[in-house]
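Contents: one structure, followed by commentary.
The values are calculated or read from the model by the stated rules, or taken from the named source; none is laboratory data. Fair warning: this is a prediction, and the values are worked out from it, not measured in the lab. Cβ atoms come from the backbone with ideal geometry, glycine included; neighbour counts cover every protein chain shown. Surface areas here come from the heavy atoms of the whole protein model, side chains and all, with no ligands, DNA or RNA. Shrake-Rupley method; radii C 1.70, N 1.55, O 1.52, S 1.80 Å.
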Amino acid sequence: MKDTELRKKAVKVRQGALEAIYGAGSGHPGGSLSAADLFTYLYFEEMNVSPTLADSADRDRFVLSKGHTAPGLYSVLAEVGYIPRKDLRTLRHIGSYLQGHPDMKHTPGIDMSTGSLGQGISAAVGMALAAKMQKRDYRTYVLVGDGEIQEGQVWEAAMFAAFRKLDNMVVIVDNNGLQIDGRIEDVCNPYPIADKFQSFGFHAICVDGHDFSTLRSAFLEARQIKGKPSAVIMKTIKGKGISFMEHQAGWHGKAPNEAEYRMAMKELEELEAGLCRE
């Protein structure tokens, strides 16, 4: 898929995430928006997944370790066809299968229930190890937040992944620089992130997480690495795509009101219109 088409898809993913959060009256827009381009690239180009492969043992796996950004994941699942787009409006409603965090028992396309930060990467390591033991070719991808990597369990999992030479696994870090309490370096500085993963035995790749050409190069590079797992460190913008949400920690876990929602959707509609003219 051409980069322009991927950018159009990413706009749809952002629109769906905001629609879900606004409908719920709660949720996490900042990280959903910063990861929207990554979600788009994984599901439309990188991963061997589709609704028709949902039960295939050979499908690729994706684990959203930073599970609070489920609105972004649900939105891309709707774009791919796992769930009806109209169901995004039921996010967090009583009786809805779209919970505030991913639930593998009730939501199509979800490979692991997550939400407790730090734990998703351990589940992903288990999936990658299972593929090795069963001699299957599927790859495992896991998205962690840059605030999340302050959790010790992340590094226990990283140490194990490198020790077991899980070259069928890619850890992706959404480095938007902000967490719920402010700048990550002011809360518990995780920098330098790439150096840390390298010291644990990973092949580390640093990219612009909003540029599809660099994302493509990074994941192609990761496929060529043998004998060690890869870490893709994405530099991103919290709230990407909505001017008044960008670089604002306050939008980590707050739903827009009606006026803010209309302004945000207007910005995305204008962006979409511009892309259609390219």
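Averaging Cα coordinates gives a centre for the stretch 28-48 and one for the stretch 204-231; these two points are 15 Å apart.
Taking a ≥ b ≥ c as the square roots of the eigenvalues of the Cα gyration tensor, an a/c ratio of 1.5 or more together with a/b no larger than b/c marks the stretch 236-278 as oblate. How tilted is helix 152-163 with respect to the longest principal axis of the chain? Cα atoms for both, answer in degrees (0 to 90, nearest 10). With rounding to tens, the tilt is 50 degrees. Against the main long axis of the alpha-carbon atoms of the chain, helix 120-133 sits at an angle near 50°. Of all DSSP beta bridges confined to the chain, the antiparallel ones make up roughly 10%.
Under unit Cβ charges (Lys, Arg +1; Asp, Glu -1), what dipole magnitude, rounded to 20 debye, does the stretch 1-81 have relative to its Cα centre? Display every interim value, and only then the final one.
Numbers: 9 positive and 10 negative charges, 50 e Å.
In total the dipole reaches around 240 debye.
For the chain, the longest principal axis of the alpha carbon atoms and the long axis of helix 258-277 meet at an angle near 70°.
Apolar share of the accessible surface for the chain: 50 percent from carbon plus sulfur atoms, 1.4 Å probe. When Rg and Dmax are taken over the Cα atoms of the stretch 140-233, they come to 12.9, 38 Å. Counting Lys and Arg as +1 and Asp and Glu as -1 over every other residue whose Cβ lies under 12 Å from the Cβ of Trp155, the net charge comes to -2.
Loop-located trypsin sites (Lys or Arg not before Pro) in the stretch 1-64 (DSSP state other than H, G, I, E, B) with a sparse environment of at most 13 neighbouring Cβ atoms within 10 Å: Lys2.
Which lysines, if any, have their Cα less than 21 Å from the Cα of Lys240, not counting same-chain residues under 8 positions apart? Partners found: Lys2, Lys8, Lys9, Lys12, Lys66, Lys254, Lys266.
Here the Karplus curve 6.51 cos²θ - 1.76 cosθ + 1.60, taken at θ = phi - 60°, turns the phi angles of the stretch 29-41 into couplings of x, x, x, 5, 6, 5, 9, 4, 5, 5, 4, 4, 5 Hz, with x standing for Gly and Pro. Comparing Leu98, His247, Tyr138 along the charge dipole axis of the chain, the residue lying farthest to the positive side is Tyr138, per the Cβ-charge model.
Whole number in Å², please: accessible area per residue of the chain, 1.4 Å probe, ligands, DNA and RNA not counted. Show your work: numbers first, answer last.
Numbers: 11690 Å² over 278 residues.
Per residue, the chain has 42 Å² of solvent-accessible surface.
Dipole magnitude for the stretch 40-153: computed about the Cα centre from +1 point charges on Lys and Arg Cβ and -1 point charges on Asp and Glu Cβ, it is near 240 debye.
Its Cα gyration tensor gives the stretch 68-192 an equivalent ellipsoid, and the semi-axes of that ellipsoid, as √(5λ) in whole Å with the largest first, are 26, 22, 11. Subtracting the Cα-Cα distance of Ala57 and Glu272 from their residue separation scaled by 0.36 nm leaves 73.8 nm. The lysines whose alpha-carbon is closer than 18 Å to the alpha-carbon of Lys196, local same-chain residues fewer than 8 away aside, are Lys165, Lys228, Lys235. When all protein chains stay in place and ligands, DNA and RNA are ignored, the 1.4 Å accessible-area order of Glu246, Glu151, Glu278, largest first, is Glu278, Glu151, Glu246.
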